[in-house]
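Have a look at the structure below before the remarks.
The values are calculated or read from the model by the stated rules, or taken from the named source; none is laboratory data. In this text the structure is predicted, and so the values were computed from the model without any measurement. Ideal geometry is used to build each Cβ from the backbone, glycine not excepted, and the neighbour counts take in all protein chains shown. Just so you know, the surface numbers come from the protein's heavy atoms only, side chains and all, with ligands and any DNA or RNA stripped out. Shrake-Rupley method; radii C 1.70, N 1.55, O 1.52, S 1.80 Å.
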Amino acid sequence: MSLALPTLCLVCSQAQAQSEPIATLPTVTVSGSKVNPLPAGAPLNKSTLSPKLATTSDTASLLTDVPGLSLNGAGGVSSLPAINGLADDRLRIKVDGMDLIASCPNHMNPALSYIDPTQVGTLKVYAGITPVSVGGDSIGGTITAESLAPEFAAPGQKAIVKGEAGTFYRSNNKASGANLSASHATDQFHISYSGSTAKADNYSAGGDFKTYDFTGRLGHTLARDEVGSTAYETKNHSLGLAFKKDEHLFEAKLGIQDMPFQLYPNQRMDMLDNQQDSLNLRYLGQFDWGSLEARVYRENVDHFMDFGADRRYWYGTASGGGSALNGIPCSPVGTAACAAGMPMYTEGKTTGLSVKSDVVLNPQDLLRVGAELQRYRINDWWPASGASMMPDTFWNIKDGERDRTALFVELETRKNAQWMTLVGARVEQVKMDAGNAAGYNPAGGGNQARDAAAFNALDHSSTDTNLDLTALAKYTANANYDIEFGFAHKVRSPNVYERFTWSTWQMAALMNNFVGDGNGYVGNLDLKPEAANTLSATFDWHTADNARGMKVTPFYTQVDDYIDAVQWNATTNAPVTTPVVNKFSVLKYMNQSARLYGVNLSGHLPLATTAWGDFGFKALLNYTRGSNETTGDKLYNIMPLNAKLAVTQKMGGWDNSLELVAVKAKTDVNAMRNEVPTPGYSLVHLRTSYAWKTVRLDFGVENLFDKFYYLPTGGAYVGQGTTMANPALPNYPQWGTAVPGMGRSVYVGLNVKF
């Protein structure tokens, strides 16, 4: 992957990929010489993403062809991207310039889940050497997703009225959906709407992977090749307004998400409702000295979890007791003998403000300065439902606060035709606090009273002052070879769930897990921020016309105070002296040291030009190793060696490809979490499309040979059965089964522009 260096242009880069006029403002010139910025990570624009839209409803999966990027399994539209082994909150992920936070103890609503793939205009990936202007509070890199930029008619021309509609179907999980967008624009005013919906059943693996079919619900069973808790339904809407006056652009976007359900095969709970709304205001202006961009946004999230259709819902002695394979509906609900599910609510509110200016010092030097503010508030509570979950409300996090303030400065210089450099510094302050904890029952089991009292006796507030530094350079030797190299020091403060979750009770701890390993987690008020030092270089060989090329990117990252975890003894409230082996357990977050290193390769070349069209070849290979330097253990959820090879063919409106994906067995596993090894596998995908002027048809078969395989970073399968606790045999889920991948699936998609 090319080292990610920022662009001077503040408008979405897909402008160059479209023939229509869009919301670009005049380029700043000084003495008639254009400032040429250092390149950013190669953007994925609308034309690049179009072939993938029929294959997925998960925006994160659009990034699978980016070198060094893998996906950690989650719900059907909420995969967590990882860059060189660092994932989730270790990455900074922005949607239309907004820093969004997962308001859920299982991180079921990550930032990219709030933008449908069909609404994406541009995706950019900045790997570990990330400029300070796009980084902050992260150590692994930055991903930015932008919807389509507003379009304006040329002065004196008639208004532009246009739209787009699409639909898709995927056979394996009977997934279907539709999208619609429309816009009207004059030379100064733009209004647009985009909406999408997607729905899917559980998917099936390429073969049986279970010896049981019960789900914990009387009368409801699953086939032994059916991956439980993988169904979903989601709806997204966006309304945009934009005004352009001379060299000034004003934008307002209103976003709404209604997600009735998204089930999770590697978590103990399911998302049964997620309501999100956001308001995003932006100003962009060009001046003779440079440019100024300002943004203010507000996001509200109301999130609800409970046991979905494939999990046991009824608990307590009146439901048959803990050893029953299926819970029997009971009454009266809310008593010591009968519990109806385990309702869990999360409310998150995020307010952000950012100001950034690009100041042209001279034709060679560009100064970039900026300031950012973010205010986050969260409440996470579990109402009483009966049995051991009564009579009071369990406060997992009450009145949680996480506020960020940042200042950065960055200097970008082009000394001559061969050398470009960028250096930057960022100072960030993170303040956190939370109210007192409370369990269901002070006299109840699981040491609820002890743990709450211990937490409440401590000071919950903290202030971290973090410093980021970045130094990058690019040397262009000639038209066929260049090298980018650099160093970055990045710092990330813990999230609210790493610091403020407090209960060692197994049942409560199991509900606090955002890595999908089936274990339970306890927070730690004493956690320090993670500090990562990264060295990386990209060697880029290519022809002058870029018809063929190869990139090689080695990287090395050392992380001090890496937030890992140790198995925890609830009885002694201390680390486990003899680790639990081959079972789910409870762990507590701890600062340790970690090291990650590896290399990413990518390349492409033409094969032949024949009467049957132009044939080409693409290749991608990723290798990452991660280790805990404190314990000698391996890091969790590191994608093993993997490669993707594709033969492409283009002729007229036809665009076809045959892909081979190969993944090595995952044997380097995290012993502390009892991570499940997975065997190696290879998959074949067949894709074809035909495009007319305004119509595009996509068709393909994924996993052509219906290969059975396990997802190396998909976590532990806990998608059906008695998932509230670690049950005794013959109940499930038991430790030892990874989440399988999807079997053969035929897909078709149709998109029409008007």
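Numbers below:
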item: Fraction of accessible area attributable to carbon and sulfur, region 551-661 (%, probe 1.4 Å); result: 61
item: Label corresponding to semi-axes √(5λ) of the Cα gyration tensor in Å when calculated from the structure given, among [x] 37, 34, 28; [y] 66, 32, 21; [z] 42, 30, 26; result: [z]
item: Under the Karplus curve 6.51 cos²θ - 1.76 cosθ + 1.60, θ = phi - 60°, whole-Hz ³J(HN,Hα) for region 504-509, x wherever Gly or Pro sits; result: 8, 4, 4, 4, 6, 5
item: Derived scalar couplings ³J(HN,Hα) [region 71-77; Karplus, 6.51 cos²θ - 1.76 cosθ + 1.60; whole Hz; x for Gly, Pro]; result: 10, 8, x, 7, x, x, 10
item: Prolate/oblate/rounded label for region 78-125 (Cα gyration tensor, a/c 1.5); result: oblate
item: With every protein chain in place, region 318-424: carbon and sulfur % of accessible area (1.4 Å); result: 61
item: For region 440-445, Karplus couplings with θ = phi - 60° (6.51, -1.76, 1.60), whole Hz, Gly/Pro x; result: 4, 8, x, 9, x, x
item: Sequence of M639, M108 from largest to smallest accessible area, 1.4 Å probe; result: M639, M108
item: Loop-located GluC sites (Glu not before Pro) in region 233-296 whose Cβ has at most 14 other Cβ within 10 Å (DSSP); result: E247
item: Rounded, prolate or oblate (a/c below 1.5 giving rounded, otherwise prolate when a/b exceeds b/c) for region 110-154 by Cα gyration tensor; result: oblate
item: Global form of region 629-754, assessed from the alpha-carbon gyration tensor, a/c cut-off 1.5; result: prolate
item: With every protein chain in place, region 40-140: carbon and sulfur % of accessible area (1.4 Å); result: 52
item: Local electrostatic count, P131, Cβ distance below 10 Å [Lys/Arg +1, Asp/Glu -1]; result: -1
item: Probe 1.4 Å, accessible area per residue of the chain, Å²; result: 38
item: FRET efficiency estimate (nearest 0.05) - Cβ-Cβ, D65 to K235, R0 22 angstrom; result: 0.20
item: Built amide H within the under 5 Å cut-off of F394, gap 5+; result: W382, A384
item: Rounded accessible area of L281 (nearest 10 Å², 1.4 Å probe); result: 70
item: Solvent-accessible ranking of W382, W289, largest area first, probe 1.4 Å; result: W289, W382
item: Candidate aspartates and glutamates - alpha carbon under 14 Å from K46, same-chain residues fewer than 8 apart omitted; result: E20, D116, E146, E164
